[in-house]
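Read the structure below first, then the notes.
All of the numbers you see were taken from the coordinates with simple rules; none came from a lab. In this text the structure is predicted, and so the values were computed from the model without any measurement. Using ideal geometry, Cβ is built from the backbone for each residue, glycine included, and neighbour counts are taken over all protein chains shown.
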Amino acid sequence: MSVNFLERDKAVARDGFFNEAIDPSLDLFDAIAQLKKEKNAIILAHYYQEPDIQDIADFIGDSLGLAQKAATTDAEVIVFAGVHFMAETAKILNPNKKVLLPDLNAGCSLSDSCPPELFQSFKARHPDHTVVTYINCSAGMKALSDIICTSSNAKAIIDSLPKDQKIIFAPDRNLGAWLKKESGRDMVLWNGACMVHELFSVEKITKLKVRHPEAKLIAHPECEEAVLRIADFIGSTSQLLSFIVNDAASSFIVATEAGILHKMQQQAPNKVLIPAPPDNACACNDCPHMKLNTLEKLYLCLKNEVPEITMDEDLRLAAKRPIDRMMEISRAAGLI
Ligand code: 13P
Ligand code: SF4
């Protein structure tokens, strides 16, 4: 089997609409709704998208929810308001559908921290290991993996493997270290990380906790161990959302990408949400990749049906196998 690692670059070369002017009097919400109907399209958005995109989306979810929705939709066109690996996953699951990404440059620092050609030799140095890979990776990485996981199902996936099975976990070292602790398993970790979740400052969070003693700290497992150690609850984006809706506390310090605060505030209007401060002068916790998508780009992408995600069929089939295994284990564990 040949793995085409350059598929994304080829797709970039096919992209070519960005400079089209939009009539400033156009109501983008109406125009997008009209195009969606005409083209039998669905808009899937991650919680980290800007509020306007979340509000116009047909489905908002975390990585697992989005993968599952992508696998079951009967729309002919999928507009993926998220990052490249998410749209790529939708294409892997839907070879006959048109999958569009509003900005093809919306990548992911975590995915980029694990190039398949380097991982291939790392894997060769650890024979007899099962490769469990976080969904935040390229199709080339998925093709080198045995099982994919997301932050919602990672523990269930690790727990499903025989106790004596040796495991490589890639690419996120923070999620991997947390899983080692949670599952009591020793795993070989790839040394990758997310640029957004690594930035939170324990020192500033500790000061915030002193100022707001009633607030619970909730954190995504992509955060560093020092942050996770002082968190009251750790979970995927959708698990953090459910937690603040259902927990009795009235205020929360939220250590994850700031886009989720929009949905949290909508679903729990009476709760106080305090974004955890990052370790830099900027007060924002936005993912620069996620935020490349805008309502304007979403409109143009749906109108012109570019940029489109395409993929070599051998690569697609190789990348689909570990996603199918993830879905089977998640179903057996009652997670989807
Ligand atoms: P989840 O969607 O699994 O919470 O992961 C967060 C993330 O970093 C997506 O890029
Ligand atoms: Fe990647 Fe981190 Fe952005 Fe998620 S938040 S898309 S892991 S860079």
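What's the longest piece of the chain with no exposed GluC sites (Glu not before Pro), counting a site as exposed if DSSP puts it in a loop and it has at most 13 other beta carbons within 10 Å?
Details: sites that count: 20, 76, 214.
Counting at most 13 other Cβ atoms within 10 Å as exposed, the longest clean stretch of the chain is 77-213.
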Percent of all alpha-carbon pairs of segment 218-260 at distances over 16 Å, whole number, is 27 percent
The answer for the net charge of residues other than residue 263 whose Cβ lies under 11 angstrom from its Cβ, with Lys and Arg +1 and Asp and Glu -1, is -2
Among 262, 251, 111, the residue whose Cα sits farthest towards the positive end of the charge dipole of the chain, when +1 is placed on the Cβ of each Lys and Arg and -1 on the Cβ of each Asp and Glu, is 251
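Can you compute the FRET efficiency between residue 186 and residue 246 using 1/(1 + (r/R0)^6), with r the Cβ-Cβ distance and R0 = 30 Å? Round to the nearest 0.05. Write down the numbers at each step before the final one.
Numbers: r = 34 Å, r/R0 = 1.12.
Efficiency computed from Cβ-Cβ geometry: 0.35.
Sort segment 35-129 into rounded, prolate or oblate with this rule: let a ≥ b ≥ c be the square roots of the eigenvalues of the Cα gyration tensor; rounded if a/c is under 1.5, and if a/c is not under 1.5, prolate when a/b is larger than b/c, oblate otherwise.
Numbers: a/c = 2.52, a/b = 1.94, b/c = 1.30.
Since a/c reaches 1.5 and a/b is larger than b/c, the shape of segment 35-129 is classed as prolate.
So if each residue of separation counts as 0.36 nm, and I subtract the Cα-Cα distance between residue 124 and residue 76, what length gain in nm does that give?
On the way: separation 48, 0.36 × 48 = 17.28 nm, distance 3.98 nm.
In short, 13.3 nm is gained.
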For residue 226, placing the label point 7 angstrom along Cα-to-beta-carbon and taking segment 262-298, residues whose amide nitrogen sits under 19 Å are 276-285
One would report the Cα pair-distance distribution of the chain, bin width 20 Å, in %, as 31, 58, 10, 0
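Can you put 325, 229 in order of Cβ neighbours within 10 angstrom, beginning with the fewest? All intermediate terms of the calculation are to be shown ahead of the outcome.
On the way: 325 18, 229 12.
Taking fewest neighbouring Cβ atoms as first place, the list is 229, 325.
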Here the gain from full extension of residue 117 to residue 239, 0.36 nm per residue of separation minus their alpha-carbon distance, amounts to 40.6 nm
For the chain, the dipole about the Cα centre with charges only on Cβ (Lys and Arg +1, Asp and Glu -1), to the nearest 20 debye, works out at 860 debye
